[in-house]
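Data block below; observations after.
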Amino acid sequence: MTPAVPGTIIGDDGLARPPWAAVDPVLRDYYDTEWGLPVRDEQGLYERISLEGFQAGLSWATILRKRPAFRAAFHDFHPETVATFGQADIDRLMLDAGIVRNRLKIQAAITNARATLALRDEGGLVDFVWQFQPESTPVPTAHEQIPTISAESVALSKALRKKGFAFVGPTTMYALMEAIGMVDTHLLDSHRRGSSGVWTH
């Protein structure tokens, strides 16, 4: 692989990607097919919030490799099912080597499932989260120009916490906003820039 204009790396397929997505096949596939595309269904968004919470303090590659095990353990992140989890389920999950065995994060996933169900009376999780989409998006040419927090991610974090969500700090919520296309932080010369359909530049 050879460097492209500052910021991206040209892969053996001739496509420009940021360094974090250029080498590891798991991250590369995630970047090419999923990251930054809009997520507008409740179950998909609840899964992303859960996985971003589990990622705190770890690498995203670790979470992606464990995602099949997470989906099995949490019934494909079906909110109604996870909302019924009790102490026996927490004990079971703490013995599951396929996932991140952190009791607080497991409890947060259950808490957030219940909070997701409660939000249905107010229009639902998707509309609640997407109302925080900013009016503009970053236009980075290098990784160091990409924010890790924004006024909108701070507001989203506060709003979700008021609704009973856990592990939804401002930095975690900015990562969520990037992952679900609410902001486009693809580098300008990346082959994925503008692919979300949400942002045109």
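Below are the figures for this structure:
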| read-out | value |
| --- | --- |
| Failed item in (1) crowded, with 19+ Cβ neighbours inside 10 Å; (2) at pLDDT 95 or above; (3) in a loop (DSSP other than H, G, I, E, B), with ASN112 passing the rest | (3) |
| Qualifying residue in the stretch 120-133 (condition: within 30 Å of LEU187 (Cα to Cα) and surrounded by fewer than 16 Cβ atoms within 10 Å (Cβ to Cβ)) | yes |
| Whichever residue in the stretch 63-76 is touching a Phe, Trp or Tyr at 6+ places or on another chain (Cβ under 9 Å) and under 23 Å from ASP32 (Cα atoms) and, among such residues, is surrounded by the most Cβ atoms within 10 Å (Cβ to Cβ) | PHE70 |
| Index of the failed condition, ILE180 passing every other in (1) under 30 Å from ASP12 (Cβ atoms); (2) in contact with a helix residue (DSSP H, G or I) (Cβ under 9 Å, 6 or more places away or on another chain); (3) at pLDDT below 95 | (3) |
| When residues of the stretch 8-63 are limited to those that are acidic (Asp, Glu) and part of a helix (DSSP H, G or I), the one nearest to THR185 (Cα to Cα) | ASP32 |
| For ALA69: the one exception among (1) of a type in the set (Gly, Ala, Ser); (2) within 14 Å of the chain's Cα centre (by Cα); (3) more than 27 Å from GLY123 (Cα to Cα) | (2) |
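The values are calculated or read from the model by the stated rules, or taken from the named source; none is laboratory data. Model, not experiment: these values are computed from the prediction. So basically every Cβ, Gly included, is an ideal-geometry build from the backbone, and we count neighbours across all protein chains shown.
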